[in-house]
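To start, the structure itself, in structure tokens.
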Amino acid sequence: MDADKAGFCVIRIRPCLKNRGRNVIQIPIDLIQLLRAAKHIAVLTGAGVSAESGVPTFRDAQTGLWAKYRPEDLASPDAFRRNPRLVWDWYAWRRDIVDRVKPNAGHYALAEMARHVSSFTLITQNVDGFHQQAGSENVVELHGNLRRVKCFREEVVIDEWLDAGEVPPRCPRCGDHLRPDVVWFGERLPPAALQAAIDAAAVCDVFFSIGTSGLVEPAASLPRVAMEHGAKVIEINPTITPLTPLVSFALSGPSGVVLPALVQAAWPSR
Ligand code: BV8
């Protein structure tokens, strides 16, 4: 544990070769005790939790023909009105990446953590559905899911549509364009999901912020809601974020390495 230049404690999580060459990660005992005593754990995840699966984060530069676009410029209703095909193809490209990779050890460790706590709420900003694929239940999807499609005009999720070769395809009900069922910038979050996230942050005794830069609102305010209600906040991120100076434990490392070690340390499997 070393106090970073900014004077707050960051726990650098690095495997150290200690016993018979097997990687061992040291987790502070007071963090283990906090987890074992926790009654309600709430977790907020961002793109970083899927990075080790091979899904680019929003901070990662876009590649290929998307390199010249900022995600914020494509993920908006105006961008879709201006050029529906461009935005549809961007989501098709992202859906294709997600379809070719798998959840990682971090996703599975969170599904495991839920089995050891009486009350557990997993809130995600991710639209890749990897938490559910890794076995997590009742995942609160704040920003939707790119595997679902809805009508641009009526906002109704559409499961089947006639593929008349038009891109984007048309809504079978009203004929307007179909769009991915995700929340675009400037759009309201699903009220039930947002309320469930705020409620969990307000009652939890431990709140995790994992793999998020904490720049997009209202999701970025959830750790502060938890702090204001007396919860201990733990951040897992290889880089410093605006939240790092405020948390009880800042675990600086990749979530696919840190989370399995944390769960094993707190709830050793036989
Ligand atoms: C709204 C879905 C109003 C689509 C997304 C207050 C102040 C300022 C601005 C605003 C404000 N309130 C609202 C705004 C505007 C805006 C906003 O916040 N803008 C930002 C850019 C300043 N918010 C909105 O527009 C929201 N809507 O406010 O509506 C309203 C209200 C009522 C009625 C009508 C309207 C909607 C926001 C949601 C937008 N949709 N996604 C899609 O995916 O295409 S946001 C999208 O970007 C993601 O879902 C996520 O939320 C965000 C990306 O952030 P992260 O997930 O954190 O990812 P990032 O790449 O940034 O960082 C990755 C992190 O992981 C890094 O820190 C890195 O170090 C770390 N990492 C890397 N590898 C690892 C790792 N960590 C662990 N392990 C590793 N291996």
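The values are calculated or read from the model by the stated rules, or taken from the named source; none is laboratory data. Model, not experiment: these values are computed from the prediction. Cβ: placed from backbone, ideal geometry, glycine included. Neighbour counts: every protein chain shown.
A few comments on the model shown:
- In the range 103-115, the residues that are over 14 Å from the mean Cα position of the chain (by Cα) and either within 14 Å of residue 148 (Cα to Cα) or outside any helix (DSSP H, G or I) (or both): 115
- Every condition in (1) surrounded by 18 or more Cβ atoms within 10 Å (Cβ to Cβ); (2) within 25 Å of residue 239 (Cβ to Cβ) holds for residue 215 except the one numbered (1).
- Residue in the range 73-90 that is nearest to the ligand (Cβ to nearest atom), counting only those that are under 20 Å from residue 144 (Cα atoms) and not in a helix (DSSP H, G or I): 75
- When residue 115 is tested against the conditions (1) more than 13 Å from the ligand (Cβ to nearest atom); (2) surrounded by 13 or more Cβ atoms within 10 Å (Cβ to Cβ), the lone failure is (2).
- In the range 91-102, the residues that are over 16 Å from residue 144 (Cβ atoms) and assigned to a helix (DSSP H, G or I) reach residues that are within 14 Å of the ligand (Cβ to nearest atom) and among the aliphatic types (A, V, I, L, M) with C-beta atoms within less than 8 angstrom, at least six apart or across chains, in these pairs: 97/55.
- Boolean, residue 146 is within 16 Å of the ligand (Cβ to nearest atom) and in contact with a strand residue (DSSP E or B) (Cβ under 7 Å, 6 or more places away or on another chain): yes
- Counted residues, the range 91-110 - those being near the ligand (Cβ under 10 Å from one of its atoms) and closer than 22 Å to residue 167 by Cα: 2
- Any hit, the range 140-150, residues being surrounded by 21 or more Cβ atoms within 10 Å (Cβ to Cβ) and of a type in the set (S, T, N, Q): no
- Being surrounded by 19 or more Cβ atoms within 10 Å (Cβ to Cβ) and over 16 Å from residue 47 (Cα atoms) holds for only one residue in 262, 246, and it is 262.
- Residue in the range 1-57 that is modelled with the highest pLDDT, counting only those that are hydrophobic (A, V, I, L, M, F, W, C), over 13 Å from the mean Cα position of the chain (by Cα) and in a strand (DSSP E or B): 41
- Residue that is nearest to the ligand (Cβ to nearest atom) [pool: residues in the range 218-256 that are in contact with a Lys or Arg (Cβ under 9 Å, 6 or more places away or on another chain) and assigned to a helix (DSSP H, G or I)]: 246
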